[in-house]
1. Over all directions, how big on average is the projection of the convex hull of the alpha-carbon atoms in segment 204-283, in square nanometres?
2. What FRET efficiency do you get for V239 and T259 if R0 is 41 Å and r is their Cβ-Cβ distance, rounded to the nearest 0.05?
3. What pairs from K17/K583; K28/K628; K37/K369; K28/K611; K119/K224 go past 32 Å between their alpha carbons?
4. Just rank Y505, Y345, fewest to most, by other beta-carbon atoms within 10 angstrom.
5. Using 7 Å Cα-to-Cβ label points, what is the E501/S11 separation (nm, one decimal)?
6. Taking 7 Å along the Cα-to-C-beta vector as the label spot, tell me the S316-L612 distance in nanometres, rounded to one decimal.
7. Expressed as a rounded percentage, what relative contact order does segment 557-651 have, with Cα pairs under 8 Å and six or more residues apart?
8. Taking a ≥ b ≥ c as the square roots of the eigenvalues of the Cα gyration tensor of segment 547-635, is the shape rounded (a/c under 1.5), prolate (a/b larger than b/c) or oblate?
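Here, each number is a calculation from the coordinates, and none is a lab measurement. Note that the structure is predicted; figures quoted are calculated from it, not measured. Ideal geometry is used to build each Cβ from the backbone, glycine not excepted, and the neighbour counts take in all protein chains shown.
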Amino acid sequence: MTHWQVLEIESTKDIKKIKRAYAIKLKKIDIDNEPDKFQQLKEAFDCAINEVKIQSELHQNQEVLSNTSSTDELPLSDDSHAEKLNSMEITDQAIFTIDDNQSELLEEPCAIVNNFFTKLNSFTAELTYFDDLAGWQLLLAGSKDWDIDTFSTNQQIIYSFLSENHYQIMSHRVLKYIVDTIDLHSLIENSHSMEMFNFLEDLLCTPDFDFSIYQNISEESREKYFRSRYLLYLNLNFVPINHDTILELSEACLKITNTDPALIILQICYQIVLDYSLQTNDKAIVNNLLHQLEDNDFLNYSKVQDYLRMYILACSGQHKYVLPSEYINTKRLIPDIPFKLSAGYIAYKQKNNRLKQDYWQPLIKIGFKFENKQHQPVAKDEKNLSKFLMVAFFALIVITALGRSFSLTSKNTKISKQLTSISAYSSIYNSRYTRLKDASDLSSQLVYYLNYSSEEDEKDFQKFLDTYFSEHAKEQVLNVDKSKLTKNDSFGVFPTIDFVEKYGYVEAVGNSSLSNPLFVLQKENDIVVNILGPGFDELSDNDWTALIEDIRVRPSTSSNIFFLSFLLSKNRKAESSSETFKKYFTDDVLALIDHNIDLTTEERFKNAYDKLVVDPDEKKAYDLIFDKTDKLLMILSFNSYGCIDHIYGENWEKLSTDKIDNLVALLEE
């Protein structure tokens, strides 16, 4: 099966299409339980990207460097680039690794990046960027004309901007446009970073609140208001419910404006969380808040109004309402917990126990406590707090009825407590790292224990070490110098397994391209016997680079490069002359490839598939290539480095029948 068949797309030079196909397929794979499928998909993706790189390199050779030999794709300077992105200060020197012959060629891309960064800063400084779709369209209008390096760098700039919590104060439609236009899906999918995956999920699941209210808010209060509103929404979606934080955020929002329909909806949602059956006073509060929505022409919230009206009817014992399923919470205007609480209660009033369980069972699983009474914050006087809550809500109603509004520039506005809420949000967000602990692969668990474990994990950590590590490796983990641990994507775990002649079986841990690996595990019989890398057994720079390069060149990758850049290539002469191509083959095989350069491309290879097998006697890997009828077409063998050192088949080298039979038998075993 070719890499294109694995990705389920036609051969293409469009990187976006390749990345989209990869993202679609990846979503269908359980990485923890289907590692083989994931590895096959990742190899297919790598091969497809390599093909585009080779073709891009050819284009550079022909049009730019016609007087020089082929070169590898110009690399990004990882360290300086990451450092500058973190501080959001981009310079020419931070973007590319440039030699004297290339500096002139890269002048234009650097100028484009710097110009884009300047425009982004100017645009966002205007404090109208929250929902200015036309402004974002103008800013990103030239993205289709960016070359690969420029696109990648600008993509990182946008990601850095959004990940600094700016996405919390931007409209859903703007975020969706940005994600689609600069293909943030691919950046995050390729990173294999759990934090980045979760970030994308949060970004795409932001509530579709209306942002036109910003016109009625002073510039200095806009970011504070929208962030407080978002955090209020977020806190209504987590258990245990933090009542103190919710009240603080509500107060912060009310001091800035009291006419935002989204805020009114969130106040109603809090009443639902306090008591989903709505006692008499609660019902009156919700009814009055609902009237405020109805007194204004808020078209974006019409479905929410209909649903809440239906819910109040249910609480009143009336039966003129429909099933909650007819209200689709597509815009996520109601946080999930209040929605499930209210929908379950409607089902309960309809005596539909099955539907009630469908809504309430997920809440029970996440630890929500069902108490049919008002929940009070910890360490507060219940009576005083109840009065405060009632006064706060009725004050909103009275003020609206009288047509009064709070001063937008009030010097008494206090948002400082919001920092506590942001901190609370961060702790919730960081708790997701526990997924690493529960992962099936050893590498993910080790990254968790090194970076995110707590005292509660002490027993599990010791058991983990006793099970998978030799005494020497245990000492390495326990005495690791954490200040030296690589921090680039240290929570995004992507293990790459290989056999390296000097080190034996190893497992390299880092991002998908191993551009900045965290460490390399040396294994014997599935036990870690040594750990190589910063903070552990540190190699010289040359030895470390050589080790990582060796791991990058693996039999599966070499086989796919041969398949796509020679067997199926329509431009094999140029592609096989590139440096990227050459590093996957021995010199003898390159000479053989050059000899067969004019072989016709055969249709039978288009539907071919391959299977890797290791001969235990030789300790050598082979790749057997079959056509769609399972007829053996070709056999590739690999040296200890992972390069193809022999090609057996018609018009190539000859392999004895006994050896072929032996390999097929090994495959069947």
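1. The number I arrive at for segment 204-283 is 5.9 nm².
2. 0.85
3. Values: K17/K583 27 Å; K28/K628 25 Å; K37/K369 40 Å; K28/K611 23 Å; K119/K224 23 Å.
Over 32 Å apart, Cα to Cα: K37/K369.
4. Values: Y505 15, Y345 22.
Ascending Cβ contact count within 10 Å gives the list Y505, Y345.
5. About 3.4 nm separates the two model spin labels.
6. According to this spin-label approximation, the distance is 6.8 nm.
7. Details: 129 pairs, mean separation 23.2, N = 95.
Answer for segment 557-651 is 24 percent.
8. Working: a/c = 1.84, a/b = 1.05, b/c = 1.75.
Oblate is the answer for segment 547-635, as a/c is 1.5 or above yet b/c matches or exceeds a/b.
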